[in-house]
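Laboratory data are not the source of any read-out in this text; all were calculated from the coordinates shown. The shown structure was predicted, so the numbers you read here are calculated from the model rather than taken from an experiment. Glycine gets a Cβ as well: all are built from the backbone with ideal geometry, and neighbour counts include every protein chain shown.
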Amino acid sequence: MLNDISLMRRIIFPLIAVVATLPPAVATDACIADWSDAASIVHQKKLTTVEALSRLAAAELPGAIVKTTLCEEKGSFVYRLVVRDPQGKLTAHTVDARAPFGR
């Protein structure tokens, strides 16, 4: 029993010391969960509105958008879309919030 505790101390304490010295993880992207917050960002940053995005997506993607999330990735805003195709399959798409589908 004493050997087990000694072994744990020799393994765990150095491991904790290494983890404690690692730099904090840097978030490269963040999504806005509340659309009342997202709407003000869309307006302030002059991003494509969800209504316009829906019209563009109808011409570019087969299926219907079932979820839209505004996110910031590497300093730019994007929309993350979940689209249900005519067969019912869900696919994820990410488009630029300023110029979705290159427009």
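Below are the figures for this structure:
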item: Protection proxy ranking, peptides 61-72, 85-96, 40-51, average beta carbon neighbours within 10 Å, highest first; result: 61-72, 40-51, 85-96
item: Estimated Rh, region 25-102: Kirkwood, alpha-carbon pairs, angstrom; result: 12.9 Å
